[in-house]
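Accompanying notes for the structure given below.
The values are calculated or read from the model by the stated rules, or taken from the named source; none is laboratory data. Predicted model, so just to flag it, every value in this text is computed and none were measured. Cβ: placed from backbone, ideal geometry, glycine included. Neighbour counts: every protein chain shown.
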C-alpha cells in the first residue's frame, strides 16, 4: 500500500503497541538515538514493514544520497529516509513499533501527521522519542532528562530519576511530533541523554545501557543490556587509564567536575577561551567493535 510519503507493506498485528522513535541528525549526540534503535531492532528481532519516501521529506543537498561504486561500476545508491519496524515482545504489556529515520529537512507537520496516522491504524497510544545532547557532564554520569504529556506519565519517569527539562530555543522534530500527537490524544514522552562533550566521536555505552533499561521499564518488556554494559566497562577502563596518564586530561576532567551548574554544550563552547584546545578521547581510544 502506498500513501503520500510512505510505502506500507503488510501491517503487523500487535498487542497494545507503543512507538519508539530514534532520529539521526541534530539531536543525536554520540549517536545515542541512532544506536539505541539499531540495538532494539536487533535484540527484539523487529521486522521492517514500512518505509518513508525520501523525496517527500528530505533535501538531497543537505542529506546527500550514499553511492557505492566498485571498479567503475555503479552498484547502488541509497537515499536518506526512514523505516518502521515491528516487534512482538511476548510481554503482557506492549509490543513495539520502532521508527528509525534521519530527521526530515522538509514538511515537519506533514511528517508528524504521517507518523501519527500510521500509529492510529496500528493501535499505538504512546509515543517515545529518543534524543541526546552534549552537556557539561562527566563520562561517569548517566543523566537522562525528559518531557511528558501529563503529570502522571512524568511521575513514572521520576521513579527512574529522569530530570524534567526546562528549555527555550531551537527544536528538533521531536517537539513537533509530540505537539501534534498531544492534539490527537496520544500520550508522549521525549527522553534526552546528556553526553560529555569530550567523548565526541565515540559511543557512550553506559548511557545506552541506562536508556535501554528505562525503555524496558516504560514498555513493560524485557531487553538484555548485558552486551552494551560489558562494552561500557571496557570503554570506561580505557578512559580511566588515559586520564591517569595524562595531566591535561586530568585538568579538563576536573574543570568539568567543578562545574556545579550544568549548561548546554553550546553555552560552554561560547565561554571557552578561543585558543584553548579541546581534547577528544576518541583520538586516544582503541577502535570500537560494538
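Observations on the structure shown:
- Among the criteria (1) closer than 20 Å to residue 219 by Cβ; (2) crowded, with 20+ Cβ neighbours inside 10 Å; (3) in contact with a helix residue (DSSP H, G or I) (Cβ under 7 Å, 6 or more places away or on another chain), the one residue 195 does not fulfil is (1).
- Number of the exception - residue 3 against (1) closer than 16 Å to residue 121 by Cβ; (2) modelled with pLDDT of 95 or more: (2)
- When every residue of the stretch 66-78 is checked against the conditions, none turns out to be out of contact with any helix residue (DSSP H, G or I) (no Cβ under 8 Å at 6 or more places or on another chain), part of a strand (DSSP E or B), surrounded by 11 or more Cβ atoms within 10 Å (Cβ to Cβ) and modelled with pLDDT of 90 or more.
- Checked against (1) within 30 Å of residue 240 (Cα to Cα); (2) out of contact with any helix residue (DSSP H, G or I) (no Cβ under 7 Å at 6 or more places or on another chain), residue 155 passes all but condition (1).
- None of 200, 229, 151, 222 is within 28 Å of residue 58 (Cβ to Cβ) and surrounded by fewer than 21 Cβ atoms within 10 Å (Cβ to Cβ) except 200.
- Scan the stretch 96-123 for residues that are assigned to a loop (DSSP other than H, G, I, E, B) and touching a helix residue (DSSP H, G or I) at 6+ places or on another chain (Cβ under 8 Å) and the total you get is 5.
- Residue within the stretch 48-55 that is surrounded by 15 or more Cβ atoms within 10 Å (Cβ to Cβ) and in contact with a helix residue (DSSP H, G or I) (Cβ under 6 Å, 6 or more places away or on another chain) present: no
- Selection count, the stretch 1-21, where residues are in contact (Cβ under 8 Å) with a residue 40 or more places away in the chain and either surrounded by fewer than 23 Cβ atoms within 10 Å (Cβ to Cβ) or closer than 18 Å to residue 225 by Cα (or both): 13
Residue-by-condition table, conditions (1) out of contact with any strand residue (DSSP E or B) (no Cβ under 6 Å at 6 or more places or on another chain); (2) over 28 Å from residue 214 (Cβ atoms); (3) at pLDDT 95 or above:
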{"site": "59", "(1), (2), (3)": "yes, yes, no"}
{"site": "84", "(1), (2), (3)": "no, no, yes"}
{"site": "91", "(1), (2), (3)": "yes, no, no"}
{"site": "135", "(1), (2), (3)": "no, no, no"}
